[in-house]
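**Student:** Sharing a structure with you now.
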Amino acid sequence: MTAPKILTPGPTDINTKTLKALSEPQTNPDIDLSFYELYKNVCGKLQRLLNTQNDVLIMAGEGILGLEAACCSLTEEGDRVLVIDNGIFGAGFADFVSLYGGTPVTFKSGYEKEVDIDSLKKFLENDHNFKYATVVHCETPSGILNPVDKICPLLKSYGIMTVVDSVSATGGDEIKVDRWKIDIALGASQKALSAPVGLTYLSISADAKAAIDSRKTPVKGFYLNLVSFKNWYENKWFPYTMPIHLINALDTALDVLFSDDYINRHKIIAEAVRAAVKSAGLKIYAQKGFSNTVTAMIIPEGADFKTIQKYILDNYNILIGSSIGYLENKVIRLGHMGENATKENMYILLKALTEALKAEGVCLKCDLHTEFLKEYEKNE
Ligand SMILES: *Cc1c(COP(=O)(O)O)cnc(C)c1O
C-alpha cells in the first residue's frame, strides 16, 4: 500500500525538490568549511522568513527542543516567568520554566479564543515583575492564532522579554520579529515549512543575549544551552555535529516556500475551509483568533472520530487527526499548512469528510467540498 496522504497539522507533506535535497551526498560538516557557509546562508533565509535582523540558530532536534532551549537558557533559580496560557502548548511552558528553577505565573483569558489584550493589560497593571513571558503564536490543538503583534510590544513596554512558540504559525501566518519586539521566536522544520522532522530554529534578540550573558549561575544544560553556539562562524565550531542532510533539505524547503505568495495562499485556503464548515452547519472550535494553518472542527453529536478517521483512510488513503488533551476525539483538525495547503488537497479532504460524516448519519446543510471550492474561487 502506498503511504497515506497526511493532511494533519504537521508533520506535513514534503515537496519532491526537498526530498531530493535530503538524499544528496553530503560532506563532513565538522571538517568541511563550506558547511559553515551553508548554515549561515540558511540562517539568512530564516531571518527573511521571520522578518528579523536578530541572530538565528538552527539546532538538531524537533521543535520541543527550541521551547526547552529558550527556557533553559533564560531561566535562573527563582525567576518569575509569565506563562500566557490559552491552550495545551501555552500551559506546557510552565513545566519547562519549573524544570529550570523558575516560578511560572499563569495568565489565562479563556481557551476558546485568542488571548484577550485588555485583560492582559489589566493583569500587567497589577503585576509586571517578570523576567520573560512565554507566548504561543498558533495553538495547534485548537487552531487559535494569538495576537503576538499586540502581546509582545505590550510586554516589552514593561521590560518583559518574550519567548514565542511559532512552530505551527511561521510559514503560514505573518510573523514580524523585529517590529513585534519578540526576543526569542522559535519554529520547527516539519510544519508549514514542509521540511523533514528534526530541526528547530530560534531568533535571539540583543536583550535575550544580554540576559543570558549576565546570568549569575551557569545554564543547566549543554545541548540546550544557546550560549554553546557563541561565535560558531568565527570559530568554525558547533557544539555537536550538525545534521547536514536536514539543513540542506530545509534550505530547499525555504526556497520552495519563497517561490510562492505563501501567506496569501494559506489565508485563502483557511478562509474557504472555515466558510465551508460553517455553511454545512458544523462548528469551529475557535470563537476568535483563526489560524491560517489549522482548523479544529467540533465533531457533531453522534459521530465518532475513530470511525470517521478509518472511513477516510480506507476510502481515500488520507490520514487525518483529532487533537490532544481535552480536545481528543472532540474535534477533527483540518491541517492546511505548508505543502498541504492546496486547493486540491483541501477539496479531496473535505469530500472524504463529507462522505464520512454522512455515513455517520450527520445531516449537512451542504457538501463541504463544493462549498469550499465556491469560496476558494471567490478569492483566488
Ligand atoms: C508541533 C508543535 C510543537 C512541537 O511539538 P510536538 O508535540 O513534538 O509536535 C511545539 N509547539 C507547537 C505550537 C506545535 O504546534
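The values are calculated or read from the model by the stated rules, or taken from the named source; none is laboratory data. This one's a predicted model, so the numbers in the text were calculated from it and none came from an experiment. With ideal geometry, Cβ positions are generated from the backbone for all residues, glycine too; neighbour counts draw on all protein chains shown.
**Student:** Answer yes if at least one residue in region 253-260 is on the phi > 0 side of the Ramachandran plot, at pLDDT 95 or above and out of contact with any helix residue (DSSP H, G or I) (no Cβ under 9 Å at 6 or more places or on another chain), and no otherwise. Reasoning before the result, please.
**Tutor:** Taking region 253-260 and keeping what is on the phi > 0 side of the Ramachandran plot, we get none.
Within region 253-260, not a single residue is on the phi > 0 side of the Ramachandran plot, at pLDDT 95 or above and out of contact with any helix residue (DSSP H, G or I) (no Cβ under 9 Å at 6 or more places or on another chain).
**Student:** Going through region 293-315 one residue at a time, which ones are polar (S, T, N, Q) and surrounded by fewer than 17 Cβ atoms within 10 Å (Cβ to Cβ)? Give the steps one after another, and end with the answer.
**Tutor:** So in region 293-315, the residues polar (S, T, N, Q) come out as 293, 295, 307, 309, 315.
Across region 293-315, the qualifying residues are Thr307, Asn315.
**Student:** Right, another one. In the set Glu24, Glu77, Glu37, Glu68, which member is at pLDDT below 95 and either away from the ligand (no atom under 16 Å from the Cβ) or surrounded by 18 or more Cβ atoms within 10 Å (Cβ to Cβ) (or both)?
**Tutor:** Details: Glu77 fails: at pLDDT below 95; Glu37 fails: at pLDDT below 95; Glu68 fails: at pLDDT below 95.
Step by step, each of Glu24, Glu77, Glu37, Glu68 is checked, and only Glu24 is at pLDDT below 95 and either away from the ligand (no atom under 16 Å from the Cβ) or surrounded by 18 or more Cβ atoms within 10 Å (Cβ to Cβ) (or both).
**Student:** For Gly302, state whether it is outside any helix (DSSP H, G or I), modelled with pLDDT under 95 and farther than 21 Å from Ile263 by Cβ. Before you say what the answer is, go through the steps one by one.
**Tutor:** Working: outside any helix (DSSP H, G or I): yes; modelled with pLDDT under 95: yes; farther than 21 Å from Ile263 by Cβ: yes.
When the stated conditions are applied, Gly302 passes them.
**Student:** Among (1) more than 24 Å from Lys209 (Cβ to Cβ); (2) touching a Cys at 6+ places or on another chain (Cβ under 7 Å), there is one condition Tyr100 misses while meeting the rest; what is its number?
**Tutor:** Failed condition: (1).
**Student:** Taking region 317-354 only, how many residues are touching a helix residue (DSSP H, G or I) at 6+ places or on another chain (Cβ under 7 Å) and either of a type in the set (Asp, Glu) or surrounded by fewer than 16 Cβ atoms within 10 Å (Cβ to Cβ) (or both)?
**Tutor:** So the count comes out to 4.
**Student:** For region 224-245, name all the residues that are touching a residue at least 40 places away in the same chain (Cβ under 8 Å) and touching a helix residue (DSSP H, G or I) at 6+ places or on another chain (Cβ under 9 Å).
**Tutor:** At the first step, the residues of region 224-245 found to be touching a residue at least 40 places away in the same chain (Cβ under 8 Å) are 224-227, 229, 232-233, 236, 238, 240-245.
Within region 224-245, Leu224, Asn225, Leu226, Val227, Trp232, Tyr233, Lys236, Phe238, Tyr240, Met242, Ile244, His245 meet the criteria.
**Student:** Working carefully through the options Glu344, Glu375, Glu339, find the one that is within 26 Å of Ile88 (Cβ to Cβ) and part of a helix (DSSP H, G or I). Walk me through how you get there before you give the answer.
**Tutor:** Values: Glu344 fails: within 26 Å of Ile88 (Cβ to Cβ); Glu375 fails: within 26 Å of Ile88 (Cβ to Cβ).
Result: Glu339 is the single residue among Glu344, Glu375, Glu339 that is within 26 Å of Ile88 (Cβ to Cβ) and part of a helix (DSSP H, G or I).
Matching residues to (1) among the aromatic types (Phe, Trp, Tyr); (2) modelled with pLDDT under 95; (3) within 27 Å of Gly171 (Cβ to Cβ); (4) outside any loop (DSSP other than H, G, I, E, B):
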site: Ala208; (1), (2), (3), (4): no, no, yes, yes
site: Pro218; (1), (2), (3), (4): no, no, no, no
site: Val227; (1), (2), (3), (4): no, yes, no, yes
site: Leu246; (1), (2), (3), (4): no, no, yes, yes
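**Student:** Would you check which residues across region 49-65 are surrounded by 13 or more Cβ atoms within 10 Å (Cβ to Cβ) and more than 16 Å from the ligand (Cβ to nearest atom) and list them? Spell out the reasoning first.
**Tutor:** Applying the first criterion (surrounded by 13 or more Cβ atoms within 10 Å (Cβ to Cβ)) to region 49-65 yields 49-52, 54-65.
Leu49, Asn51, Thr52, Asn54, Asp55, Val56, Leu57, listed by residue number.
Here's the yes/no breakdown for (1) within 14 Å of the ligand (Cβ to nearest atom); (2) touching a residue at least 60 places away in the same chain (Cβ under 8 Å):
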residue	(1), (2)
Ile84	yes, yes
Lys121	no, no
Asp127	no, no
Leu155	no, yes
Met161	no, yes
Asp173	yes, yes
Asp178	no, yes
Gly187	yes, yes
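**Student:** While we're here: If we keep just the residues of region 131-153 that are closer than 23 Å to Leu199 by Cα, among the hydrophobic types (A, V, I, L, M, F, W, C) and touching a helix residue (DSSP H, G or I) at 6+ places or on another chain (Cβ under 8 Å), which is farthest from the ligand (Cβ to nearest atom)?
**Tutor:** Val135
**Student:** Pairs please, first residue from region 262-285 and over 28 Å from Leu49 (Cα atoms), second anywhere and of a type in the set (Val, Ile, Thr) and surrounded by fewer than 18 Cβ atoms within 10 Å (Cβ to Cβ), Cβ atoms under 9 Å, 6+ apart in sequence or on different chains.
**Tutor:** Ala276/Thr370; Leu282/Ile298; Lys283/Ile298; Ile284/Ile298; Tyr285/Ile298
**Student:** Does Glu328 meet the test of being over 22 Å from Lys5 (Cβ atoms) and at pLDDT 95 or above?
**Tutor:** Details: over 22 Å from Lys5 (Cβ atoms): yes; at pLDDT 95 or above: yes.
Considered against the rule, which asks whether it is over 22 Å from Lys5 (Cβ atoms) and at pLDDT 95 or above, Glu328 comes out as yes.
**Student:** Kindly establish whether Ser168 is of a type in the set (Ser, Thr, Tyr), out of contact with any helix residue (DSSP H, G or I) (no Cβ under 8 Å at 6 or more places or on another chain) and within 16 Å of the ligand (Cβ to nearest atom). Please lay out each step first, then the result.
**Tutor:** On the way: of a type in the set (Ser, Thr, Tyr): yes; out of contact with any helix residue (DSSP H, G or I) (no Cβ under 8 Å at 6 or more places or on another chain): yes; within 16 Å of the ligand (Cβ to nearest atom): yes.
It is true that Ser168 is of a type in the set (Ser, Thr, Tyr), out of contact with any helix residue (DSSP H, G or I) (no Cβ under 8 Å at 6 or more places or on another chain) and within 16 Å of the ligand (Cβ to nearest atom).
**Student:** If you don't mind, another one. Being at pLDDT below 95 and under 26 Å from Asp260 (Cβ atoms) narrows it down to one of Asn379, Asn292, Asn345, so name that one.
**Tutor:** Numbers: Asn292 fails: at pLDDT below 95; Asn345 fails: at pLDDT below 95.
Going through Asn379, Asn292, Asn345 in turn, the sole match is Asn379.
**Student:** In region 158-172, how many are crowded, with 21+ Cβ neighbours inside 10 Å, assigned to a loop (DSSP other than H, G, I, E, B) and not polar (S, T, N, Q)?
**Tutor:** First, pick out the residues of region 158-172 that are crowded, with 21+ Cβ neighbours inside 10 Å: 161-172.
Narrowing further to those that are assigned to a loop (DSSP other than H, G, I, E, B): 166-169, 171-172.
If we keep only those that are not polar (S, T, N, Q) as well, we get 167, 169, 171-172.
Of the residues in that region, 4 qualify.
**Student:** While we're looking at this one, here's another question. Condition first: assigned to a helix (DSSP H, G or I), out of contact with any strand residue (DSSP E or B) (no Cβ under 6 Å at 6 or more places or on another chain) and surrounded by fewer than 23 Cβ atoms within 10 Å (Cβ to Cβ). Can you find one or more residues in region 173-196 that meet it?
**Tutor:** To start, the set of residues in region 173-196 that are assigned to a helix (DSSP H, G or I) comprises none.
No, region 173-196 has no match at all.
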